1. Using only the alpha carbons, work out the radius of gyration and Dmax of region 216-263 in angstrom.
2. Using modelled amide H (1.01 Å from N, peptide plane; none on Pro or chain starts), what sits under 5 Å from the amide H of residue 17, excluding residues fewer than 5 places away?
3. Tell me, what HN-Hα J-couplings in whole Hz come from the Karplus equation 6.51 cos²θ - 1.76 cosθ + 1.60 at θ = phi - 60° for each residue of region 69-77, using x for Gly and Pro?
4. How big is the Rg/Rh ratio for region 53-203, C-alpha atoms only, Rh by Kirkwood, two decimals?
5. Once you charge only the Cβ atoms, +1 for Lys and Arg and -1 for Asp and Glu, what is the size of the charge dipole of region 34-174 about its Cα centre, to the nearest 20 debye?
6. Carbon-plus-sulfur fraction of the accessible area of region 182-331, 1.4 Å probe, in percent?
7. Treating only the Cβ atoms of Lys and Arg (+1) and Asp and Glu (-1) as charged, compute the dipole magnitude of the chain about its Cα centre; round to the nearest 20 debye.
8. Average projected area of the Cα convex hull of region 136-216, in nm²?
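The values are calculated or read from the model by the stated rules, or taken from the named source; none is laboratory data. Here the structure is a predicted model, which is why all the values come from computation and not from measurement. All Cβ positions, even for glycine, are placed from backbone atoms using ideal geometry, and neighbour counts span all protein chains on display. Just so you know, the surface numbers come from the protein's heavy atoms only, side chains and all, with ligands and any DNA or RNA stripped out. Shrake-Rupley method; radii C 1.70, N 1.55, O 1.52, S 1.80 Å.
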Amino acid sequence: MKTRITELFGIEHPIVQGGMQWVGRAELVSAVANGGGLGFITALTQPSPEDLTKEIARTREMTDKPFGVNLTILPTLKPVPYQEYAQAIADSGVKIVETAGRSPEPFMPTFKTAGIKVIHKCTSVRHSVKAEAVGCDAVSIDGFECAGHPGEDNIPGLILLPATADKMTIPFVASGGFGDARGLVAALALGADGINMGSRFMATLEAPIHDNVKEAMVAADERNTELIYRPLRNTARVFKNQVASKVLEIEREKGDDIKIEDLAQYVSGQRGKIVFEDGNIDQGIWSAGMVVGLINDIPSCADLISRIVREAERIIAHRLAGLVNPTGQAV
Ligand SMILES: Cc1cc2nc3c(=O)[nH]c(=O)nc-3n(C[C@H](O)[C@H](O)[C@H](O)COP(=O)(O)O)c2cc1C
């Protein structure tokens, strides 16, 4: 399956593993790359730009296929040296970057001077158009179904993807809610050139997180996520658990007066370690998308990617082709 995304990034299959805090490390990224997809190391999972340089080197030892680095540029309580992370990526020789969180414009000179292709992840048509205008090579567009930050517009992929397609010249991947071949075919039909998956790649053999998290995702259905931080206008879709319920309770109690400090003890970054390393899935907030309702197993990344592509080809060549070809023969 060749698309503008496979051509642009020199990958075999139009399947991307987006940046994931705590999860996007060498083990997962190299497994996705070796399976023919495009994986992204999550820069800020590494405590310093020097550690990121080491993680890139570690990934290179595990694959000789293309991979990238995600740089998520969000306002934080503790300042993050974003420019130093960007420079570390440029100096490492990595040629693909996924940006997210806010416009990558201030970092484009660093990336473009180093010959890096930039795919910007965003959640609206207007931000996709802006990304194209500031020189991004591609966009990854997250619908309301997605894990993490879906933005504040609440527009699901079924509307967001064709609306984006109508306004863009550069290629884009569909993100949020994708986990199987049916999603890939639908994304292509809606105008995308591939899919980006987060949650689905967490429930794989190589994802470097505790098995309890993976098993909870397999057991969950599509109603097992919550939207927190809505009153702060920083909405996040997370797995439904005790801490998420507590956060929602506080949000209800405080109403419009809520501040991030009111929630700090429940949402601290350290709780990521408790969930992803220690496996206490109820003791911290962790991102997950509605697609958990479609996750029923824990395959290797290579098996997952090849299954999605193989089944997508079958859907296109048989089921869909059969609809327009009354003999039922694939065309
Ligand atoms: C555990 C987890 C952590 C994530 N962390 C980040 C992040 O740091 N930066 C980012 O751009 N996206 C992050 N995402 C979003 C994913 O890259 C992707 O856009 C999203 O998962 C797509 O929705 P899906 O889960 O339905 O596939 C995260 C997602 C998950 C599940």
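1. For region 216-263, the Cα radius of gyration and maximum Cα-Cα distance read 11.6, 37 Å.
2. Excluding prolines and chain starts, which carry no amide H, the hits are 38, 39, 40, 197.
3. Calculated HN-Hα couplings, in order: 10, 8, 10, 9, 9, 10, x, 10, 5 Hz.
4. Working: Rg = 15.4 Å, Rh = 16.0 Å.
Looking at region 53-203, the ratio lands at 0.96.
5. Values: 13 positive and 16 negative charges, 35 e Å.
That gives a dipole near 160 debye.
6. Details: 3630 of 7390 Å².
The value for region 182-331 is 49 percent carbon and sulfur by accessible area.
7. Numbers: 34 positive and 41 negative charges, 120 e Å.
Taking the Cα centre of the chain as origin, the dipole is about 580 debye.
8. Details: hull surface 25.0 nm².
Computing the convex hull of the Cα atoms and averaging its projections yields 6.3 nm².
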